[in-house]
Amino acid sequence: MIEGLRRRFQTRRLDAPRSPARFGAHYDPDAFGRLSEGIARFFGTARYLVFQTILVISWILVGYFLLGFDHAPALFLLNLAFSTQAAYAAPLILLAQNRQDDRDRVSLDEDRARAERTKADTEYLARELAALRLAVGETVTRDYLRGELEKLFDRVSDAVSDREPVSRPVDG
């Protein structure tokens, strides 16, 4: 026995973390959260209110007909049941609300990032559109070219008016 303990303590390393306890309670927080959300959703339905109303009416009728009209322990037990239900319902509803807040926060962060990307894309497209407008503003249009050719034709016709008559080109 002493030899076994000696071997056990000699193999323990101080630079490595200990292994988890064998009999420790392990639970999945997401599974418990999903369960609490399901219970919280059930507490907020008309079905729950109908079931609870039927339970209370049945309890009172059973207490009245089986135990007599003025039997206080049945009513105390009903009060205890409601108190226990309320004591468990409130934390479960709060847990479900916290999980919903976390989901909303993640969704809001994703929406904010998407909006920033959309804004950056819109600004880029606005700059590109402005550059295109400037480039198009500097291009020669047909009317401008026609006007310049007419001015040139008038100058040439004035310069060569001494010679033979020059016919004017037909618009087209």
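The values are calculated or read from the model by the stated rules, or taken from the named source; none is laboratory data. Model, not experiment: these values are computed from the prediction. Note that each Cβ is placed from the backbone with ideal geometry, even for glycine, and that neighbours are counted across all protein chains shown.
Might you check whether a residue that is part of a loop (DSSP other than H, G, I, E, B), modelled with pLDDT under 75 and surrounded by 12 or more Cβ atoms within 10 Å (Cβ to Cβ) occurs anywhere in segment 70-82?
There is at least one residue in segment 70-82 that is part of a loop (DSSP other than H, G, I, E, B), modelled with pLDDT under 75 and surrounded by 12 or more Cβ atoms within 10 Å (Cβ to Cβ).
Among the listed residues E110, E128, which satisfies the condition of being farther than 30 Å from A31 by Cβ and either charged (D, E, K, R) or touching a residue at least 40 places away in the same chain (Cβ under 8 Å) (or both)?
Being farther than 30 Å from A31 by Cβ and either charged (D, E, K, R) or touching a residue at least 40 places away in the same chain (Cβ under 8 Å) (or both) holds for just one of E110, E128, which is E128.
Right, R146: at negative phi and surrounded by 10 or more Cβ atoms within 10 Å (Cβ to Cβ) or not?
yes
Residues A96, A81, A120: which one is touching a helix residue (DSSP H, G or I) at 6+ places or on another chain (Cβ under 6 Å) and among the hydrophobic types (A, V, I, L, M, F, W, C)?
Selected residue: A96, the only one of A96, A81, A120 that is touching a helix residue (DSSP H, G or I) at 6+ places or on another chain (Cβ under 6 Å) and among the hydrophobic types (A, V, I, L, M, F, W, C).
In segment 48-103, which residues are of a type in the set (D, E, K, R) and in contact (Cβ under 8 Å) with a residue 24 or more places away in the chain?
R99
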